[in-house]
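A.B. asks: Here it is, the structure in full.
Derivation of every value follows stated rules applied to the coordinates shown; laboratory data play no part. Keep in mind the model is a prediction, meaning the values are calculated, not measured. Here Cβ is always computed from backbone atoms with ideal geometry, including for glycine, and neighbour counts include all displayed protein chains.
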Amino acid sequence: MAATETPIRPAGAAPKQRLAVLRNGWRGLTSMRTALILLFLLAVAALPGALLPQRSLNASLVDKYFADYPAIAPVLDSIGFFDVFAAPWFAAIYLLLMISLVGCVLPRTVEHARALRAAPVVTPRNLARLPHHASATLDVGIDEAAAAVRERLSGWRSAEADEPGGTRTFSAEKGYLREAGNLVFHLSLIGLLIGFAAGKLFGYEGQVIVLSGGGQFCNTGILGYDTFRAGLRVDGTDLQPFCIQVDDFTGDYLPNGQAASFTTDIGYQSTEDLDAGRADQWTPYTLSVNNPLRIDGIRIYLQGHGYAPRFTVTYPDGQQRTGEIQWKPVDLTTFLSEGATKFERPGVTDEQQRRTSQLAVTGLFAPTTSGGPVVTSIFPELRDPEVAIDVMRGDLGLDDGRGQSIFEIDRSKVDSGELVRVARANLVPGQSVALDDGTTVRFDSVQQWVSLQVSYDPGQNYVLVFAIALLLGLGLSLSIRRRRFWARLTPLTGDDGTERTVVEIGGLARTDRAGYGEEFDRMGAELVPESASTEAKDG
Amino acid sequence: MPTDLAIFSDRLYMATVGVYVLAMILYGIAYSADRSAKAVLVGAAGAEQESPQEQAPTGGRSARFGRMGVALVILGALLHLGSIVARGIAAWRWPLGNMYEFISFICLMAVVGWLVALRRVPAARNLGLFVLTPVVILLFLGGTVLYVSTGPVVPPLQSYWMVIHVTTISASSGLLLVPGVASLLFLVRRRVDARPDRGPSLLDRLPSAEVLDRLAYRVTIVAFPIFTFGLIAGALWAEAAWGRFWGWDPKETVAFISWVIYAAYLHARATAGWRASGAAWVNVAGFASMIFNLFFVNMVIAGLHSYAGLG
């Protein structure tokens, strides 16, 4: 860009000019004012992330938003308002902020390291011009007065100097930890963000539903999961192997149906167990809300639960098929659930015949039924289960190449008449319903299922360490005051030959209106007791 | 079923509101009876106007009512604490499990923060009326619209992290009310000071801009690290409960926004050209974001943090 402008400038000026542009740009970027503006932009940019549904949190809410506001949703989507925290403009703001921060903090670190080695600033000529100052003439010799000052300045970084005429000066500074804390805070912030980013790159999260009562899950690949969110550098081929077996799930409820506690007893086999070939030994563990299982850097969480009704279909030729698959809770207070348990008739090889004999048991499940003709649930615990089912027969559309939900049947097949209802019944465990061809569908029992989340984040321990350092740095930088103190002792000889000393002291708070007055007054009261110390305003 | 202790807690709550309202009235009398500012104006009639006095008036009717107001606020805070403790014992859990309880604790912390700040910066005494007003409004809303009777909390909240995270976040929110009010009045004060030719008004009795600014800064630098700690504790809890330490849940996002705004406030205080009104605006925006997070995000936006207890 600048190169095209060179012809109008004398040769040789352009590189300098460019350098100046760069230097000014860098200065501008690392200035406090820019940092302030970037902080504001960051706050404003995060706002749509709170106000609008986000895909990363709940994609179905985003879909609902699209349905509710068809006019503006695509516009908002095109500027990334439904994925704010992955949007390039959001990244641009925090990256600029990081650069600005580094550009500001690194030079300050060097400067602070230099200041730590340097002697305190020499005593100003006129201490009375400082914001805090006091003076008095004491009836002691200069050595005694100097000793008092020296003692008072223990804990301060101080230096003494002699001026002509026997005058002695002290200069002292305290509160270096303020700047140190400030730097630790900002450097930790950078470290924290790097840890956060590393977790996003190399970590993953997966959710899987496992049936209680012996259901198993092994972390062998992405396909084992119901949903899987991989970090940018994770391709799913190299997951840490381990296995989980879910033995039992217990939910306790209050009389009003509010949940009191959830626990699930599981067994696990770690990578080490698997490598050693101990495939039949399960280490027991009780998983509960707030209490994940942590093995080999992986965390396994109990995230949800529900019911899986078990149905057995007995065909006219005596063959039986049993199906048990999770149904989805539709009401989280009563756990009324819905789902579809699908069956293929065994021994049917003819494609045409297969597509007319598939069965689906679909409907509602109540863990504690109201007992009325219309099945509803009155309590979330499994006390008195009942299902209200439609048995559908025909082509479920399982092999038309499209994926379908495990919780429902393909409605288009119903509309086209390829799938028809052949029975409708309310069943309690043990009851069955007969179809027109002599097939019976029996509701056997109910199993519970749990939804587990497997998380891996290699960056989170670093994030924690940096967060603690950040907090300590913040505490230091906000609680410690950086202040300077000077004293000038001038010897006097009284008319009667006694030794006297004029003590002048002065103080300057180097930090932002944090209040140095009280401490200075205390020092003044000790060193120059008779004086009227002038307390300047605390700012 | 509310037990006797729960009912006792509710009565204490009502008594607290009553005492605070009384204190507000006394503060109001003290404020309107404060002649110190006016005296300066009268004394300066015709001459160049001085900026109104900075020190708290030490004698007179205003000071007497002011001291009575402070005593009542202390009494109110003790009743308030009693109400929260009684509720905790009645429910046999940490009493920060729903909106009513958050608000009660936030208001207690605002009042305690104000009392401590007043000790450090006595010249801010006339601010009391303006601190108590939002406190009383919040308590009224909490006790009526948002009230729920005692009961246990859902399993995810049964963790010691709740004690750490919710307490620190609520405490810092309450403390930040004081700087929010102080900065807002700072802006009013600056506007009043900028027009010395207009007649005397009640606003002359506000503490000076310098006192308001100092008070806002001092309380903020105490509350901000507590808030930061509360966020970190929340991340630790989320790691144990939700499977990840940070998930951009709406509540987290707005807390992040608040944190960034308060960070901007601290930077603004150190930036030339921003030190005065700029910083105060930022501080007001920070407190507005905290209030937004408390009400709007808890009650309107669905997220993982939906524990308002409003069903």
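A.B. asks: GNM on chain B, C-alpha springs below 10 Å: top fluctuator among B:Ala255, B:Ala241, B:Ala216?
C.D. replies: Ranking B:Ala255, B:Ala241, B:Ala216 by mean-square fluctuation puts B:Ala241 first.
A.B. asks: If one takes the longest principal axis of the Cα atoms in chain B, at what angle in degrees, from 0 to 90 and to the nearest 10, does the Cα axis of helix B:209-241 lie?
C.D. replies: Relative to chain B, helix B:209-241 is tipped by roughly 10 degrees.
A.B. asks: Using helices alone, I'd like the mean residue ellipticity at 222 nm for the protein assembly as shown: each DSSP H run of four-plus residues gives -39500 (n - 2.57), total over residue count, nearest 500.
C.D. replies: Rounded to the nearest 500, it is -15000 deg cm²/dmol.
A.B. asks: Where the only charges are on Cβ atoms (+1 Lys, Arg; -1 Asp, Glu), what is the dipole of the protein assembly as shown about its Cα centre, to the nearest 20 debye?
C.D. replies: With Lys and Arg at +1 and Asp and Glu at -1, about 3320 debye.
A.B. asks: Please rank B:Val166, A:Val465, fewest neighbouring Cβ atoms within 10 Å first, as an exposure proxy.
C.D. replies: Going from least to most buried by this count: A:Val465, B:Val166.
A.B. asks: Picking from B:Ala71, B:Trp281, A:Ala525, whose Cα lies most toward the positive end of the charge dipole for the protein assembly as shown (charges on Cβ: Lys, Arg +1; Asp, Glu -1)?
C.D. replies: So the residue furthest toward the plus end is A:Ala525.
A.B. asks: Per residue of B:258-266, what is the mean number of Cβ atoms on other protein chains within 10 angstrom of that residue's Cβ?
C.D. replies: Neighbouring Cβ atoms belonging to other protein chains average 5 per residue here.
A.B. asks: Run the numbers for A:Tyr176 and A:Leu223: contour at 0.36 nm per residue of separation, minus the present Cα-Cα distance, in nm. Mind showing how you got there, number by number?
C.D. replies: Numbers: separation 47, 0.36 × 47 = 16.92 nm, distance 5.63 nm.
Computed gain between A:Tyr176 and A:Leu223 is 11.3 nm.
A.B. asks: Grab the beta carbon distance between A:Leu472 and A:Val121, set R0 = 35 Å, and tell me the FRET efficiency rounded to 0.05. Let's see the in-between values first.
C.D. replies: Values: r = 28 Å, r/R0 = 0.81.
After rounding, the FRET efficiency stands at 0.80.
A.B. asks: For the stretch B:161-270, what value does the Rg/Rh ratio take when both radii are computed over Cα atoms and Rh is the Kirkwood radius, given to two decimals?
C.D. replies: In the stretch B:161-270, Rg relative to Rh is 1.14.
A.B. asks: Here's something else I'd like to know. Report, in debye and to the nearest 20, how large the dipole of the stretch B:193-268 comes out about its Cα centre when Lys and Arg carry +1 and Asp and Glu carry -1 on their Cβ. It would help to have the intermediate numbers written out before the result.
C.D. replies: Values: 7 positive and 8 negative charges, 15 e Å.
That gives the stretch B:193-268 a dipole magnitude of about 80 debye.
A.B. asks: Let me ask another. Which value in nm describes the separation of the simple spin-label points at A:Leu435 and A:Thr493, placed 7 Å from the Cα toward the beta carbon?
C.D. replies: Spacing of the two 7 Å Cα→Cβ label points: 12.5 nm.
A.B. asks: For chain A, what does the relative contact order come out to in percent, with C-alpha contacts under 8 Å and a separation of six or more? Walk me through the numbers on the way to the answer.
C.D. replies: Values: 1019 pairs, mean separation 103.0, N = 539.
It comes to 19 percent, rounded to a whole number.
A.B. asks: Under DSSP H, which helices of chain A have Cα atoms covering 27 Å or more of the helix axis and a Kyte-Doolittle average no less than 1.0?
C.D. replies: A:32-51, A:88-117, A:176-202, A:460-479
A.B. asks: Within 10 Å of each Cβ of B:159-166, how many other protein chain Cβ atoms are there on average? Mind dumping the intermediate values first?
C.D. replies: Numbers: counts 3, 1, 1, 1, 0, 0, 0, 0.
Mean shielding count: 1.
A.B. asks: Efficiency by 1/(1 + (r/R0)^6): what FRET value for A:Ile79 and A:Asp317, r their Cβ-Cβ distance, R0 = 60 Å, to the nearest 0.05?
C.D. replies: Numbers: r = 61 Å, r/R0 = 1.02.
Computed FRET efficiency for A:Ile79 and A:Asp317: 0.45.
A.B. asks: Cα-Cα pairs above 21 Å in the stretch A:1-149: how many percent?
C.D. replies: 72
A.B. asks: Using a Gaussian network model of chain B whose springs link C-alpha atoms within less than 10 Å, name the residue from B:Ile261, B:Ile301, B:Ile103 with the highest mean-square fluctuation.
C.D. replies: Looking only at B:Ile261, B:Ile301, B:Ile103, the largest GNM fluctuation is found for B:Ile301.
A.B. asks: Continuing with this model, one more query. Over the stretch A:253-388, what portion of Cα pair distances is larger than 26 Å, expressed as a whole percent?
C.D. replies: The answer is 48 percent, as a whole percent.
A.B. asks: Can you tell me the FRET efficiency between A:Glu526 and A:Ala128 if r is taken as the Cβ-Cβ distance and R0 is 22 Å, rounded to the nearest 0.05? Present the calculation step by step, with values, prior to reporting the outcome.
C.D. replies: Details: r = 20 Å, r/R0 = 0.89.
In this case the efficiency is close to 0.65.
A.B. asks: Taking the Cα centre as origin and putting +1 on Lys and Arg beta-carbons and -1 on Asp and Glu beta-carbons, what dipole magnitude results for chain B, to the nearest 20 debye?
C.D. replies: It works out to roughly 580 debye.
A.B. asks: Which cysteines does the protein assembly as shown leave without a neighbouring Cys Cβ under 4.7 Å?
C.D. replies: A:Cys104, B:Cys107
A.B. asks: Using the count of nearby Cβ atoms within 10 Å as a rough guide to exposure, how do A:Phe485, A:Phe217 rank from fewest to most?
C.D. replies: By the 10 Å Cβ count, ascending, the order reads A:Phe217, A:Phe485.
A.B. asks: So, in nm, how far is label A:Arg481 from label A:Asp143 when the simple model puts each one 7 Å beyond its Cα toward the Cβ?
C.D. replies: Simple spin-label model gives 3.5 nm for this pair.
A.B. asks: Report the dimensions of the stretch A:182-282 along its three principal axes from the alpha-carbon atoms, largest first, rounded to Å.
C.D. replies: Cα extents, longest axis first: 53, 45, 24 Å.
A.B. asks: If you average the sequence gap of Cα pairs under 8 Å that are 6 or more apart and divide by the length of chain B, what percent do you get for the contact order?
C.D. replies: For chain B, the relative contact order is 20 percent.
A.B. asks: Once the dipole of the protein assembly as shown is set up with Lys and Arg at +1 and Asp and Glu at -1 on Cβ about the Cα centre, which of B:Phe227, A:Ala230, A:Ile266 lies farthest towards its positive end?
C.D. replies: Among B:Phe227, A:Ala230, A:Ile266, the one farthest towards the positive end of the dipole of the protein assembly as shown is B:Phe227.
A.B. asks: Moving to a separate point now. If all Cα-Cα distances of chain B are sorted into 20 Å bins from 0 onward, what percent lands in each bin, rounded to whole numbers?
C.D. replies: P(r) for chain B, in whole percents per bin: 32, 54, 14, 1.
A.B. asks: More than 43 angstrom separation, counting every C-alpha pair in chain A; what % is that?
C.D. replies: Value for chain A: 50 percent of Cα pairs lie more than 43 Å apart.
A.B. asks: Need one value for B:276-283: mean number of C-beta atoms belonging to other chains within 10 Å of its residues' C-beta atoms.
C.D. replies: For peptide B:276-283, the averaged partner shielding equals 1.
A.B. asks: What is the gain in length, in nm to one decimal, between A:Leu106 and A:Gln240 on full extension, counting 0.36 nm per residue of separation less the C-alpha to C-alpha distance?
C.D. replies: 44.3 nm
A.B. asks: Count the net charge of all other residues whose Cβ sits under 10 Å from the Cβ of A:Glu160, scoring Lys and Arg as +1 and Asp and Glu as -1.
C.D. replies: +1
A.B. asks: Right, another one. Using the 10 angstrom Cβ neighbour count as an exposure proxy, how do A:His133, B:His80 rank, fewest first?
C.D. replies: So the residues, fewest neighbours to most, are A:His133, B:His80.
A.B. asks: Once you put a point 7 Å from the Cα of A:Arg233 and another 7 Å from the Cα of A:Ile190, both along the Cβ direction, what distance in nm separates them?
C.D. replies: 2.0
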